[in-house]
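These notes are about the structure you will find just below.
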Amino acid sequence: MSQRDDRDAADLLHLIGHLYLQSGQTQRGLVLLLIAQRLAPDHSGLLHALCQGFLASGQGQRALHTIERLEAQAGAAADPALALLRGRAQTLVGAPELARQSYRDYLARRASADRTTPHTGAGGEA
């Protein structure tokens, strides 16, 4: 298969895996997402879906590893929501203090992002 075919197959597996997760069939969804991840290891949307699947199935440590990969990919521009996911994963692995700190970090990063993002008024003006 060509790289384009691999990417298309990964996108299809990602979509179907995500649908399985949303319908409550976590294990089936994870299997498809893990196969897709082998085809497209740096696909950030796929890694996000994998993280959600790991959290839904109680696999906090695997979710933490996935979050670390996402943060390494994004660098300083990492999505603040990753801190929220990290807190959920830390709760699953039995680290409530670390989870609380991650939730605080999430709130601080969101507040910072809200201050730097121009808000639009009713007329659509910044």
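Viscosity 1.567 mPa s, temperature 4 °C: Stokes-Einstein D of the range 22-76 from its Kirkwood Cα radius, in µm² per second?
My calculation gives 115 µm²/s for D.
222 nm [θ] for the chain, helices only, -39500 (n - 2.57) per DSSP H run of 4+, per residue, to 500?
On the way: 6 runs with 95 residues, N = 126.
My calculation for the chain gives -25000 deg cm²/dmol from helical runs alone.
Tell me the relative contact order for the range 1-57 as a rounded percent, counting alpha carbon contacts under 8 Å between residues six or more apart.
Working: 57 pairs, mean separation 19.8, N = 57.
Worked out over the range 1-57, it gives 35 percent.
Compute the distribution of all C-alpha to C-alpha distances in the chain, in bins of 5 Å from 0, and list the percent of pairs in each, rounded to whole numbers.
Calculated over all Cα pairs of the chain, the distribution is 2, 12, 17, 18, 17, 13, 10, 7, 4, 1, 0 percent.
Given labels modelled 7 Å from the Cα in the Cβ direction, how far is it in nm from A81 to H65?
That separation, rounded to one decimal, is 2.4 nm.
Read the figures in this text as sums done on the coordinates, not as results from a lab. Every value quoted in this text rests on a predicted model; they were computed, and no experiment measured them. Please note: Cβ atoms are built from the backbone with ideal geometry, for glycine as well, and neighbour counts cover all protein chains shown.
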